[in-house]
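Structure record follows, encoded as structure tokens.
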Amino acid sequence: MKKYQILCVDDDNDILPIYKLMLKNLDYEIITYTSCLEAIDYIKENGNEIIYIFSDYSMMEMNGLEFRKKINDLGIDIPFVLVTGHYNLEMTKAGMDLRIQAFVEKPFHEVDLKKLINDLGDKRRSYLDEEHEMVVSFVEESHPMLLEIEDLIMSLESNPDNANLLNTYFRLLHTIKGTA
């Protein structure tokens, strides 16, 4: 079973250990960043392993709304919570447009974080598990066809006018494409 991650981003290095302490009993790896830009690079590479993002609102490089927008621009839909000492109606409206699932007021509490993870993080984990199973199944089903295609290519090199070989080749490619 794959170990999924919760990403916590806050430019205050004293806050990040609190996340790790509060979430340590969950079956997730807690990844922390003080830099939004470094977190975005990490998300680009590991987005299919992250089930939840907690982000501070007020940070040096950009605010939490701008950070969420950049994640959305990547096309990766990870549940996202904005943690802030204060929020207002304008911030809430912007958050709805950016698909921010919740605002958590500082100081945050363990039970609130865990409830949010249980509500949406577990759904994301189920989605990622299902996606992983589909990919594994696709690879398992396609592998024998790819081996056969390899043999057909070798045969077509020496017999390029054989319509039967060519038809079989295209049929197998079409089957793989349809399965994908």
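Miscellaneous remarks
- Single unsatisfied condition, Leu116 versus (1) within 16 Å of Asp10 (Cα to Cα); (2) touching a Phe, Trp or Tyr at 6+ places or on another chain (Cβ under 9 Å): (1)
- Of residues in the stretch 1-45 being assigned to a loop (DSSP other than H, G, I, E, B) and of a type in the set (A, V, I, L, M), the one farthest from Asn118 (Cα to Cα): Ile15
- Leading residue by the ranking (nearest to the chain's Cα centre (by Cα)) among those in the stretch 23-32 that are open to solvent by 30 Å² or more (accessible area, probe 1.4 Å) and under 26 Å from Glu61 (Cα atoms): Glu29
- With a requirement of 1 or more residues that are more than 15 Å from the chain's Cα centre (by Cα) and either farther than 14 Å from Asp10 by Cβ or among the acidic types (Asp, Glu) (or both), the strands (runs of 3 or more DSSP E) lying completely within the stretch 46-108 that satisfy it span 50-56, 102-105.
- In the set Leu37, Leu7, only one residue is under 16 Å from the mean Cα position of the chain (by Cα) and within 23 Å of Met91 (Cα to Cα); that residue is Leu7.
The values are calculated or read from the model by the stated rules, or taken from the named source; none is laboratory data. Since the structure is predicted, the reported quantities are computational estimates derived from the model, not experimental observations. Positions of Cβ are backbone-derived with ideal geometry, glycine not excepted, and every protein chain shown enters the neighbour counts. All accessible areas refer to the heavy atoms of the entire protein, side chains included, with ligands and DNA or RNA removed. Shrake-Rupley method; radii C 1.70, N 1.55, O 1.52, S 1.80 Å.
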